[in-house]
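Working notes for the structure below.
The values are calculated or read from the model by the stated rules, or taken from the named source; none is laboratory data. The structure presented is a predicted model; accordingly, all values stated were derived computationally and were not measured. Cβ sites come from the backbone with ideal geometry, for glycine too, and all protein chains shown count toward neighbours.
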Amino acid sequence: MSEIPIATYFHIAIHTFVWKHNGMHTTESSQFIGTASPLPDEFRRNSVRKIIHVDMDMFYAAVEILDNPSLKNLPIVVGGSPTSRSVVCTASYAARKFGVRSAMACSVAQRLCPQAIFLPPRFERYQEISRKIREIFQRYTDKIEPLSLDEAYLDVTDSTLGLYASQIARHIKEDILRELGLTCSAGVGPNKLIAKIASDFKKPNGLVVVTPDQALEFMRPLTVRKIHGIGPATEARLAAVGIKTCADILAMSREELDQKLGRLGGWMWHAARGEDSRPVETHYDRKSFGREDTFEKDETDLGRIESRLKDLSESVCASMDKRGVKGRTITLKVKYFDFESITRSRTIKDMTVDPDIVMATAMDLLKTKTAVGQRPIRLIGVSLSHLDQTTPLILTQSRVESMSSTPSTSNS
């Protein structure tokens with residue numbers, strides 16, 4: 001297993017700890033990170049959950065190697081031809097040594113790693129394996145929140161199996177390896193924030209456990225980019241006010257954070273302390289349905305753009321109709337040749353799932369609200385929102401598969 005890149009005053013050890021749950025003390029042996037540090041009583045009362053985040057290791061590439069063992073230890077890039085506009089869905093660890101990363105243009109990946117083997121994604125196969133992984137999860141809990149085909153949160157707080165959270169995580173890892181021939185990494189923590197960060201610490205094939213009492217010291221040395229939800233733009237904004245690590249946040253008062261960051265300050269205050277009250281969601285309220293597509297080359301021909309928009313409109317409406325959902329707000333997305341991206345929306349009087357209405361509205365927005373015909377278009381998309389769906393949608397495996405029908409850029 002790989003070394004954990006963390007400050008030297010942190011250590012890894014075999015530690016027997018007491019995790020309070022529902023008034024009972026349970027003793028559990030597992031690997032842990034950090035040194036124990038008491039947390040405020042209020043946070044302690046809100047930290048009785050036991051959450052596991054499971055993340056498959058280089059999932060798409062791993063499935064390709066599973067099906068073709070001759071690819072083992074070779075630089076594999078899943079995402080399409082380097083002569084196309086495809087982006088990297090995922091890359092094997094052998095390719096990552098050359099700097100190849102998810103969401104990178106395949107053409108760039110080839111320049112970094114000329115010997116890389118490029119493979120088109122096979123989503124049906126990945127979905128098949130994902131369903132088997134989900135079946136393994138269900139042996140241990142029914143509280144599962146899938147994030148994509150290759151990762152999920154599991155709430156095992158109320159498990160009746162007589163196993164500790166770290167034992168469940170280890171069993172899941174062993175089951176997946178034995179039955180599917182794949183490795184995964186798992187993080188165990190008192191909430192989703194910490195569990196997700198922990199799962200990334202010992203990739204590949206890692207298992208990291210963080211108890212409530214270790215949460216504060218676990219978070220302290222981390223860069224803010226480690227916090228799920230903070231991207232390059234927010235990272236730059238934080239750096240501009242002198243915030244690069246959680247320790248920088250912990251050194252500030254709540255008032256100072258609010259003054260520097262506005263509403264973001266309150267969220268950062270809690271995140272830096274490892275506090276997260278979000279439950280594992282097995283249901284969710286979907287806000288919109290949409291599809292988008294990238295042209296093979298920058299497109300100026302209105303007829304070809306219209307044809308693509310028609311296909312997208314029909315696909316969106318078919319997906320909504322299948323679920324008994326209608327929408328009122330039609331949104332057109334356009335990305336120009338220079339990567340400038342715009343959206344234009346219109347809310348109509350009546351709910352609809354009629355592809356002709358969606359298409360006509362999107363085309364009118366295209367002709368009247370964009371620079372079509374004047375500036376080449378790289379990507380086009382359409383979506384419907386303001387839905388009439390009032391019943392939360394269940395996060396079934398088929399829902400996750402539809403969420404992952406386009407190349408993932410977070411496959412790890």
Residues of region 248-294 being farther than 30 Å from Val334 by Cβ, β-branched (Val, Ile, Thr) and in contact (Cβ under 8 Å) with a residue 40 or more places away in the chain, in sequence order, are Val280, Thr282
Exactly one of (1) under 23 Å from the mean Cα position of the chain (by Cα); (2) at negative phi; (3) in contact (Cβ under 8 Å) with a residue 60 or more places away in the chain is unmet by Glu217. Its number?
-> (1)
On the given criteria, is Thr245 in contact with a helix residue (DSSP H, G or I) (Cβ under 7 Å, 6 or more places away or on another chain), under 29 Å from Ala165 (Cβ atoms) and β-branched (Val, Ile, Thr)?
-> yes
What do you reckon, is Ala247 under 26 Å from Pro146 (Cβ atoms) and surrounded by 15 or more Cβ atoms within 10 Å (Cβ to Cβ)?
-> no
Quick one: would you say Thr141 is buried (at least 19 other Cβ atoms within 10 Å of the Cβ), assigned by TED's automatic domain parsing to the domain that holds Gly206 and polar (S, T, N, Q)?
-> yes
What single numbered condition from (1) farther than 24 Å from Ala360 by Cα; (2) without any contact (Cβ under 8 Å) to a residue 24 or more places away in the chain fails to hold for Arg304?
-> (1)
Looking only at region 215-223, decide whether some residue is polar (S, T, N, Q), surrounded by 21 or more Cβ atoms within 10 Å (Cβ to Cβ), modelled with pLDDT of 95 or more and in the same structural domain as Ser277 (by TED's automatic domain parsing).
-> no
Quick check: anything in region 254-275 part of a loop (DSSP other than H, G, I, E, B), surrounded by 13 or more Cβ atoms within 10 Å (Cβ to Cβ), among the basic types (Lys, Arg) and under 25 Å from the mean Cα position of the chain (by Cα)?
-> yes
One residue from Leu312, Leu332 being in contact (Cβ under 8 Å) with a residue 12 or more places away in the chain, assigned to a helix (DSSP H, G or I) and under 25 Å from the mean Cα position of the chain (by Cα) = Leu312
Strands (runs of 3 or more DSSP E) completely within region 1-116 that count 3 or more residues being in the same structural domain as Lys143 (by TED's automatic domain parsing), loosely packed, with under 13 Cβ neighbours inside 10 Å and at pLDDT 90 or above = none
